[in-house]
Amino acid sequence: MRIKLSMRHTPGRLFLASLLLLSTCGAARFLLKAEAQNLTANESTEAVRRYQQLITPEKLAARLYFLASDAFEGRETATRGQKMAADYLASQYRSLGLAPKGTVKGDALSLKSYFQPFRLYKRDAKRAELQVSVNGERALTSTFSEAAQDDLAYFAFGKVASSKGGVVFAGYGIEDEALGYRDFSALREQKISIDGKWVMILADEPLRDAATSLLPTPERKPSKWSAAPMFDKRLAIWTRGRPAGVLVISDASPRAPEGGFSEQSRRAATSTSGVGALSLYPTTETPFPPTYKISTKLADRILSAQGKSVRDLAREINSSLKPVVFDVKGAEVSSTVEAFEPVETENVLAFIEGSDPRLKDEVIVVCSHYDHLGRNPQLKGDQIYNGAADDGSGTVATLAIAESFMRAKADGMGPRRSILFLNTSGEEKGVLGSAFYTDKEAVVPMERIVAHVSMDGIGGVDAAHAKTNPNYLYIIGKKATSAELLETARRLNTATGTNLLLDDTQNFASDNSNFDKFDIPGVYYSTGLTEHYHKPSDEPQTINYEHMTLAVRLSFATAWQLANADRLPARPSREGMTLSGYACPPCNIECDGLLFKEAGACPVCGMNLYPKYEAKK
């Protein structure tokens, strides 16, 4: 059902316009309260504009300069700075009069009553040991931890568990028909299985130098196969077997970091001392096998069982551009890995109960994440990622929107539907906080959530608009469920006078993705990948607060309309559908085409899987 706007209802519009000419004295408030019960959502445009005016550059800046200050140390998930930010948000909601909706029981006045605590698991290994045997004799042992590193190996990612098996050399670990290079097809042709064995591969791809590929890539630039996260290589391995583990020779490529393998290992150990990568699921249960980065020194010792060397193999492949793969007979690798203890973090939840007895059980979610990247002690100069735009701007926006709704409620114009304000932690680690809410502990059941407004970075300007129209905002929504809401947002943009350029050319994913996967209609607002995105320079003084104010006002108007409309677009029915499995959210990696039997994290990219339904046969 298309949501109609108040411009079509002249009497109510004129009445409200006259009210706007009055002061905010008690008489005016009395009139507003008297008329509130008779107003429909279609007659409320002027009321929206009234409460939009409470959202000002001064108020937004006051909160953002504080939240994105150095005092919060970059608000990295599970750190002191993030927990200070959680306290700040809870105290703000308390002072505004919103009810706590957290899961912590006890003292009703405690800020913790706004918290939804949850556990996360570090993807790094606390300690890892790799042993290599050649022809039945132990050849080398590598130990890796924060306190001990060597020039042989370090744990990179994958399952934190013991593993043992033989070794298969699989070239560069590439399977790319378009580039004419296919290591795994060569393995299949030679009837070599990777199941139960350690797959040893060269990092990157055949390269002339660090900037030039030997493969027929566009402009001879290194391809996706040289990307640092190795997502495409992980996918190629995962779809072709279940190896015992993966060994990546990381110092033989022209793109290898400076300082040699020992320096690589030292940096990896330093990263384990911080929070690092996190998951909602224990790393002992991660499906992808344990993966180590290894040095040429260790690789040559393994290959000596076949009388081979890394240098000779790389030269042969790079000169012929034909795969060289083989079983490394006589070599065996075993690994033992110790996991870190889980870390604790929390979402912050505040609630406004709806005023309409018929609609108050329906809930609108206003969502933003308040975590960021923390600090990097290896940087010279400024080490703190303040995260003013990303997503301090969205976080203070939720407070501003909450304040406007509470003022309206005090005037007798509280929202007809209930509103849940959800500030998530762990978004920068893979939208984990919102996934915990939607997948594991929906305080307000998912079937009661009828729409969402998500904001991730609504301050700042990206390169695409800096010189053309910096007064813009990306508007994003799942077309199958949110087309009507996107159109409504465009009408509100005009009707309420924010008049932003609404750009629908991008499809960013943030916490909105966890509501979209349940087919909940919603609108996601963002200014995109701004100039200071994920840099220490993302600080409060870089924000244009006039622009940000318009973005927050439009977000408020959208939430207002959703909370007060007579009807909202219905969620697609799953009647006649059956659960076919669990899939990775859409991303730029082909793993979103995989289907898994159980919920969990994608073994390739680490994103949280979501249920996928299909029509019953």
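Under the convention that each Lys and Arg Cβ holds +1 and each Asp and Glu Cβ holds -1, the size of the dipole of the chain around its Cα centre is about 1040 debye. Projecting the Cα positions of Pro470, Ala153, Leu54 onto the charge dipole of the chain (unit charges on Cβ atoms of Lys, Arg, Asp and Glu, taken about the Cα centre) puts Leu54 furthest along the positive direction. Peptides 45-54, 412-421, 180-189 ordered by packing proxy, namely the average of other Cβ atoms within 10 Å per residue, highest first: 412-421, 45-54, 180-189.
Given their separation in residues at 0.36 nm each and the Cα-Cα distance between them, Thr141 and Lys164 gain 6.9 nm when the chain is fully extended.
Rounded to the nearest 20 debye, the dipole size of region 153-240 about its Cα centre is 320 debye, using +1 on the Cβ of Lys and Arg and -1 on the Cβ of Asp and Glu.
Of the residues Val461, Tyr181, Leu432, the one whose Cα sits farthest toward the positive end of the charge dipole of the chain, with +1 on the Cβ of Lys and Arg and -1 on the Cβ of Asp and Glu, is Leu432. Compute the signed sum of charges (Lys and Arg +1, Asp and Glu -1) over the other residues within less than 11 Å, Cβ to Cβ, of Gly196. Here the charged neighbours net out to +2. Computed from label points 7 Å out along Cα-Cβ, the spacing between His534 and Ala509 is 1.4 nm.
Taking 0.36 nm per residue of sequence separation and removing the Cα-Cα distance, the Glu344/Glu58 pair yields an extension gain of 99.5 nm. Estimated from the Cβ-Cβ distance and a Förster radius of 22 angstrom, the FRET efficiency linking Val443 and Glu487 is about 0.10.
A cut-off of 5 Å between modelled amide H atoms, ignoring neighbours fewer than 5 places along the same chain, links Gly581 with Lys612. Between Asp361 and Lys221, the distance separating the two model label sites (each 7 Å from Cα on the Cα→Cβ line) works out to 5.5 nm.
In this rough spin-label picture, where each label sits 7 Å from Cα along the Cβ direction, the Arg574-Leu379 distance is 4.1 nm.
Of Val523, Val450, the order by accessible heavy-atom surface (1.4 Å probe, DNA, RNA and ligands excluded), from most exposed downward, is Val450, Val523.
Glu316 contributes an accessible area of around 90 Å² to the protein surface, as traced by a 1.4 Å probe with all chains present. Along the axis of the charge dipole computed for region 523-568 (Cβ charges of +1 for Lys and Arg, -1 for Asp and Glu, origin at the Cα centre), the listed residues Phe556, Ile543, Gly528 are led at the positive end by Phe556.
For His532, the shell of other residues with beta-carbons less than 11 Å away shows a net charge of -4, using +1 for Lys and Arg and -1 for Asp and Glu. Averaging 1/r over each pair of different alpha-carbon atoms in the chain and inverting the result gives 26.4 Å, the Kirkwood hydrodynamic radius.
Is the C-alpha gyration tensor of region 377-443 telling us rounded, prolate or oblate? Criteria: a/c under 1.5 is rounded; beyond that, a/b larger than b/c is prolate, otherwise oblate. It is oblate, given that a/c is not under 1.5 and a/b is not larger than b/c.
Residues whose amide H falls under 5 Å from that of Ala161, counting only those 5 or more places apart or on a different chain, are Val337, with hydrogens built in the peptide plane. The gain in end-to-end length when the Arg188 to Asp592 segment is fully stretched comes to 143.0 nm, 0.36 nm per residue minus the alpha carbon separation.
Between region 107-183 and region 365-437, what is the separation of their alpha carbon centroids in Å? Going from one Cα centre to the other spans 32 Å. For region 211-228, backbone nitrogen atoms closer than 15 Å to the point 7 Å from Lys322 Cα along Cα-to-C-beta are found at no residue. Looking at region 81-154, the trypsin sites (Lys or Arg not before Pro) that sit in a DSSP loop and have at most 15 other Cβ atoms within 10 Å of their own Cβ are Lys105. The heavy atoms of Leu579 offer some 80 square angstrom of accessible surface to a 1.4 angstrom probe.
Computed over neighbours whose Cβ is under 12 Å from that of Gln131, the net charge equals 0, Lys and Arg +1, Asp and Glu -1.
The values are calculated or read from the model by the stated rules, or taken from the named source; none is laboratory data. Just so you know, these numbers come straight off a predicted model, no measurement behind them. Positions of Cβ are backbone-derived with ideal geometry, glycine not excepted, and every protein chain shown enters the neighbour counts. These accessible areas exclude ligands, DNA and RNA; they are computed on the full protein's heavy atoms, side chains included. Shrake-Rupley method; radii C 1.70, N 1.55, O 1.52, S 1.80 Å.
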